[in-house]
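The values are calculated or read from the model by the stated rules, or taken from the named source; none is laboratory data. Keep in mind that this is a model prediction, so the values were computed, not measured. With ideal geometry, Cβ positions are generated from the backbone for all residues, glycine too; neighbour counts draw on all protein chains shown. Ligands, DNA and RNA are stripped out before the accessible areas are found, and what is left, the full protein with its side chains, is counted by its heavy atoms. Shrake-Rupley method; radii C 1.70, N 1.55, O 1.52, S 1.80 Å.
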There are 2 protein chains.
Amino acid sequence: MRFAEPVEVVGVDGDDTLWRCQDAFDDAEVEVARLLAPYAGPEQVARALARTERTNLSTYGFGVKSWTLNVLQTAQELAGPDAPVVPFLELGRSLLTGPVEVLPGAEEAVLALGRTHRVVLVTKGDLVDQRRKLAASGLAGCFSHVEIVPDKGPATYAELLRFLGVPPERFLMVGNSEVSDVHPVLELGGWAVHVPYRTTWVLERAETPVVHERRVTVASLSEVPALLRADSA
Amino acid sequence: MRFAEPVEVVGVDGDDTLWRCQDAFDDAEVEVARLLAPYAGPEQVARALARTERTNLSTYGFGVKSWTLNVLQTAQELAGPDAPVVPFLELGRSLLTGPVEVLPGAEEAVLALGRTHRVVLVTKGDLVDQRRKLAASGLAGCFSHVEIVPDKGPATYAELLRFLGVPPERFLMVGNSEVSDVHPVLELGGWAVHVPYRTTWVLERAETPVVHERRVTVASLSEVPALLRADSA
């Protein structure tokens, strides 16, 4: 990357950038399909759940509690009053209390970024769940600031940058989501490094990755410190 | 109040300090009891729900989605597989989409505070729901900063004050909850104004109001600007 001006602040996403997240949802949704198998096939369950999630997104927002409520609603729609309830509550609870697995190399990468830049965690979802994951990850000390946001639209990023006192041209966002970490930051005039994860939630999948001079895709978070060093050298 | 040093930052709580909140939960819980009447009496329902909320608080945190999940779990415990589900999902949704009623005099009080002090909204609960209520209240422009916190323990206030760059002796918190707005701030060495609301969630009820030289109770938010002016005069 060839930065017009030096990057001051690096934003780093949490779920599936620093620690595993979608794998646990994928596993839980296999279990949802299994529990609803007497009433609907797995593809019908997946489609119905995605539709419920899309419909409820503006009311519920992101996170495990929203997911649990969406699963319960979908089950009622597909199975009527016979739908199980307690097993879905338990699935949600297990997502909220399960182990937090930091991705290989993530800690070293964030520590390296912190030696040359202000590094800010920018993560969306439930406050309680994100705080828990950050604490369990052991990475809390790596960030000069932590911002848990209700969504990652351009307006939210714009508010965060005003608050951090950094112009978009000096902000770089690193994350696994085209939709949440790349597009809105480019739209504001910032920079983005996309680090894809092997699985992406259906609502975060981009139709086509945007081609842009201020974005790059790398295979691993470990490559990001060198991108910034190469430029400042 | 006789402040040892001038107050720099005034924190103001949201739910039942700026806008009505508990009334809607109280009404919803009447409806929960009605729906569960074939299985348990209203007092048994209230006790069971409070127990579930207490047990799940560290996992779910505060807010409407947590409340909905707690109601669904309680209903399963009391009524088994016959328990209704869809009506509880709808009750939760109505709490997340209902009108936001700003308390009389709240806007004028916060605007008056803003003319002499940095005023910060400090509110806990769901990110999406608190953002929605703030936007719908029309009060967003009254605050120099908005902090939506997962809990209101002393550690959370301490982190906020570090972040705001204000020592506890120069911070005053205004809110309706002894447990969330008064006790933790006094514990840190800050000041608190308690503005009771007519109904308090069972988990926020204090055994005995603490008597302390750095706290005062007033009947209305409208009295707070004069408390601060009287001192600085």
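In table form, for the structure just shown:
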| item | result |
| --- | --- |
| Convex hull volume per residue in cubic angstrom - Cα atoms of chain A | 114 Å³ |
| Ellipsoid semi-axes in whole angstrom, largest first, where each is sqrt(5λ) of the Cα gyration tensor of the range B:154-233 | 20, 18, 10 |
| Accessible surface buried once A binds B (1.4 Å probe; total of both sides; Å²) | 2600 Å² |
| Axis proximity, chain B to A: residue whose C-beta lies nearest, plus whole-Å distance | B:K65, 2 |
| Degrees separating the helix B:106-116 axis from the principal Cα axis of chain B, which is the longest one | 30 degrees |
| Ranked by how many other beta carbons lie within 10 Å on average, peptides A:69-80, B:77-88 from highest | A:69-80, B:77-88 |
| Rough spin-label spacing in nm, given labels placed 7 Å along Cα→Cβ, for B:R47 and B:F163 | 4.0 nm |
| Label-to-label distance, nm, for residues given as B:L111 and A:D26 (7 Å Cα→Cβ offset) | 5.4 nm |
| Relative packing of peptides B:160-173, A:166-179, A:92-105 - highest average C-beta neighbours within 10 Å first | A:166-179, B:160-173, A:92-105 |
| For residues of B:123-129, the mean tally of beta carbons on other chains within 10 Å | 6 |
| Inter-chain Cβ neighbour average for residues A:58-70, partner chain, 10 Å | 5 |
| At 7 Å out from Cα toward Cβ: A:P104 inter-copy label distances (nm, ascending) | 6.6 |
| Position B:P81, label points 7 Å along Cα→Cβ, spacing to each other copy in nm (shortest first, one decimal) | 1.3 |
| Distant-in-sequence amide H partners of B:K124 (H built 1.01 Å from N, under 5 Å) | B:G14, B:D15, B:V149 |
| Listed residues A:R47, A:R198, B:R20 arranged by accessible area, highest first, probe 1.4 Å | A:R198, A:R47, B:R20 |
| The range A:1-44-the range A:154-216 distance, computed between alpha-carbon centres (Å) | 16 Å |
| Charge dipole (chain B, unit charges on Cβ, about Cα centre) - positive-most of B:L121, B:V193, B:P87 | B:L121 |
| Other-chain or far-sequence residues with amide H under 5 Å of A:M173's (modelled H) | A:G11, A:W191, A:A192, A:V193 |
| Rounded if a/c under 1.5, otherwise prolate or oblate - the range A:83-175, Cα gyration tensor axes | oblate |
| Shielding score for A:178-189, defined as the mean number of other chain Cβ atoms within 10 Å | 0 |
| Net charge contributed by nearby residues that have their C-beta within less than 13 Å of B:T68 (K/R +1, D/E -1) | -3 |
| Value of [θ]222 nm, deg cm²/dmol, for the protein assembly as shown, DSSP H segments ≥ 4, -39500 (n - 2.57) each, nearest 500 | -14500 deg cm²/dmol |
| Using alpha-carbon coordinates, inclination of helix B:22-35 to the longest axis of chain B, degrees | 10 degrees |
| Isotropic mean projected area of the C-alpha convex hull, the range A:96-233 (nm²) | 8.5 nm² |
| Reachable lysines, given that their alpha-carbon falls under 18 Å from the alpha-carbon of A:K124 and they are not under 8 places away in the same chain | A:K65, A:K133, A:K152, B:K65, B:K124 |
| Shortest-first distances to equivalent copies, position A:A155, nm, label 7 Å out along Cβ | 3.4 |
| Surface accessible to a 1.4 Å probe, per residue, for the residues of the range A:22-97, Å² | 43 Å² |
| Whole-Å semi-axes of the protein assembly as shown's equivalent ellipsoid (Cα gyration tensor) | 36, 34, 17 |
| At 0.890 mPa s and 25 °C, Stokes diffusion of the range A:22-97 via Kirkwood alpha-carbon radius, µm² per second | 201 µm²/s |
| Charge tally in the Cβ shell below 13 Å around A:P209, where Lys, Arg are +1 and Asp, Glu are -1, A:P209 excluded | -2 |
| Debye, to nearest 20: dipole size of the protein assembly as shown, +1 on Lys, Arg Cβ, -1 on Asp, Glu Cβ | 620 debye |
